[in-house]
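Colleague: My structure is below; once you've seen it, I'll send some questions.
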Amino acid sequence: MITARAHTNIAFLKYWGKKNVKLILPYNDSISLTLDRFYTDTSVDFDQSLDHDEIFVDEKPLTGSGVKRVKNVLDLVRHLSGISNFAKVQSTNHVPSTAGLASSASAFAALAAASTKVAGLNLSNRQLSIIARHGSGSASRSIFGGFVQWHAGHDDQSSYAEPIQENVDWDINLITVLINTAQKKVSSTNGMQSVVETSPFYPAWVKNAQADVKPMKTAILNQNLATLGELAEQSAMRMHATTFGAVPSFTYFQPQTLAILSAVRNMRKQGVECYSTVDAGPNVKIICASSDNEFIMHELNQIVSAKQLVVCKPGPGITYL
């Protein structure tokens with residue numbers, strides 16, 4: 001049995017919509033930051049005594065659509081390695097699941113790493129990224145630490161992630177505001193598919209997202225927090241605009257989400273460099289320098305409690321335990 005750890009990532013330039021649902025090929029490139037605080041540990045063993053795959057998450061049998069996604073990854077590993085045995089998978093999430101905190105990213109990155117390692121495959125991180133993508137698109141990015149770009153590609157082998165800056169040596173962190181960690185009513189998979197099929201805003205989203213790739217990479221390499229934050233906030237707001245245009249329309253925002261977004265804008269007016277991003281869920285992440293954490297958290301405490309705030313720094317890529 002091999003155990004791998006992968007950390008969640010938060011997309012600054014969002015992935016939102018698949019042009020190939022089976023292969024999970026996105027319409028546009030995305031850019032993320034891997035975080036240090038949230039992670040998944042996954043153990044895998046291919047056992048000849050098993051007559052089916054046994055999959056446990058937080059010590060409970062996995063049910064629902066997640067089973068098929070795990071089997072997709074395991075079947076790919078079996079095909080590449082020539083192993084025919086079923087697998088026992090035990091996964092522990094140190095991050096709330098299905099609440100817009102990228103738990104699927106860390107989960108499937110850890111699964112890809114552990115399953116290929118125990119199967120005797122000696123793969124590059126790019127190859128691991130491709131395998132992880134078959135479980136969750138954002139998992140392709142959690143193979144790596146720091147800032148990561150996922151290339152949309154046009155087929156299975158050209159859609160992979162690679163690091164932009166793995167060792168982040170400048171002052172940037174995220175304050176995660178845990179507004180609601182319950183399972184969301186509209187899953188990311190269903191939400192993005194509805195938007196692709198019905199939102200008239202979606203073509204403009206893809207065009208703008210792809211155009212932002214180069215300036216965002218430049219901002220990262222130049223350690224330009226202001227430009228990076230502005231682009232990230234634009235990306236998030238444009239993504240969520242597509243949900244209002246879907247049929248039927250929906251939103252992941254909750255009242256406290258809007259209150260936090262307003263507070264971030266107000267702090268900027270006071271001269272504090274802070275920017276918001278929101279994935280497919282109600283929880284807000286605030287991009288800022290650690291030197292401003294104390295002031296920002298004091299302001300946020302007017303809206304949420306201190307226990308709802310988690311400070312995250314840039315995190316590492318895949319590790320084996």
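Colleague: Each residue of the stretch 63-68 in order: what ³J(HN,Hα) in whole Hz does its phi give by Karplus 6.51 cos²θ - 1.76 cosθ + 1.60, θ = phi - 60°, with x for Gly and Pro?
Modeller: Whole-Hz 3J(HN,Hα) from phi for the stretch 63-68: 10, x, 5, x, 4, 4.
Colleague: Under a 10 Å cutoff between Cα atoms, tell me which one of V73, V44, V310 has the largest fluctuation in the Gaussian network model of the chain.
Modeller: V310
Colleague: What length, rounded to one decimal in nm, is gained on full extension from K68 through to T218, with 0.36 nm per residue of separation minus their alpha-carbon distance?
Modeller: On the way: separation 150, 0.36 × 150 = 54.00 nm, distance 3.83 nm.
Using 0.36 nm per residue and subtracting the Cα-Cα distance, I get 50.2 nm.
Colleague: Separate question: Give the relative contact order (percent, whole number) for the stretch 100-252; include only Cα pairs under 8 Å separated by 6+ residues.
Modeller: Here the relative contact order equals 17 percent.
Colleague: Ordered by residue, what ³J(HN,Hα) values in Hz, to whole numbers, does the stretch 143-158 give under the Karplus form 6.51 cos²θ - 1.76 cosθ + 1.60, where θ = phi - 60° and Gly and Pro are x?
Modeller: Whole-Hz 3J(HN,Hα) from phi for the stretch 143-158: 5, 10, x, x, 7, 9, 10, 9, 7, 4, x, 10, 8, 4, 7, 9.
Colleague: Along the charge dipole of the chain, pointing to its positive end and built from +1/-1 on Cβ of Lys, Arg, Asp and Glu, which listed residue (I2, G82, W16) has its Cα farthest out?
Modeller: Ranked along the dipole, the leading option is W16.
Colleague: Once a ≥ b ≥ c are taken as the square roots of the eigenvalues of the Cα gyration tensor of the chain, is the result rounded (a/c under 1.5), prolate (a/b larger than b/c) or oblate (a/b not larger than b/c)? Intermediate values should be presented prior to the final figure.
Modeller: Details: a/c = 1.66, a/b = 1.55, b/c = 1.07.
It is prolate, given that a/c is not under 1.5 and a/b is the larger ratio.
Colleague: How many angstrom lie between the C-alpha centres of the stretch 33-81 and the stretch 213-276?
Modeller: Comparing the Cα centres of the stretch 33-81 and the stretch 213-276, I get a distance of 33 Å.
Colleague: While we're here: With the cut-off at 1.5 for a/c, could you classify the stretch 38-100 from its C-alpha gyration tensor as rounded, prolate or oblate?
Modeller: prolate
Colleague: Rolling a 1.4 Å sphere over the protein heavy atoms, what is the accessible area per residue of the chain, to the nearest Å²?
Modeller: Here the residues of the chain average 42 Å² of exposed surface.
Colleague: Quick one: which residues, 5 or more positions from N180 or on another chain, have an amide H under 5 Å from its amide H? H modelled 1.01 Å from N in the peptide plane, none for Pro or chain starts.
Modeller: N283
Colleague: Of the accessible area of the chain, with the probe set at 1.4 angstrom, what percent is carbon plus sulfur?
Modeller: 50
Colleague: Also, quick follow-up: Run through the stretch 14-62 and list the trypsin sites (Lys or Arg not before Pro) located in a DSSP loop whose Cβ has at most 11 other Cβ atoms within 10 Å.
Modeller: In loop regions of the stretch 14-62 (DSSP not H, G, I, E or B), the sparsely surrounded trypsin sites (Lys or Arg not before Pro) are K22.
Colleague: Then there's this: Rounded, prolate or oblate, given the Cα gyration tensor of the stretch 50-179, with a/c below 1.5 counting as rounded?
Modeller: oblate
Colleague: Loop only by DSSP, 15 or fewer other Cβ within 10 Å of the Cβ. Give me the trypsin sites (Lys or Arg not before Pro) in the stretch 184-226 that pass, ordered by residue number.
Modeller: Here the sparse-neighbourhood loop sites are K185.
Colleague: Relative contact order of the chain, please, whole-number percent, based on alpha carbon pairs below 8 angstrom and at least 6 residues apart.
Modeller: 25
Colleague: List the pairs from K14/K88; K60/K307; K117/K185; K19/K71; K217/K285 whose alpha-carbon separation is above 30 Å, in the order I gave them.
Modeller: K14/K88; K117/K185
Colleague: In the Gaussian network model of the chain, springs joining C-alpha atoms below 10 Å, which of A182, A110, A87 carries the largest mean-square fluctuation?
Modeller: The residue that fluctuates most here is A182.
Colleague: May I ask you to derive the FRET efficiency for H298 and L258 from their Cβ-Cβ distance with R0 = 25 Å, giving the value to the nearest 0.05?
Modeller: So, using R0 = 25 Å, E works out to roughly 0.80.
The values are calculated or read from the model by the stated rules, or taken from the named source; none is laboratory data. No experiment lies behind these values; they were computed from the predicted model shown. As a convention, Cβ positions derive from the backbone with ideal geometry for all residues, glycine included, and neighbour counts pool all protein chains shown. Ligands, DNA and RNA are excluded from the accessible area calculation, which covers all protein heavy atoms including side chains. Shrake-Rupley method; radii C 1.70, N 1.55, O 1.52, S 1.80 Å.
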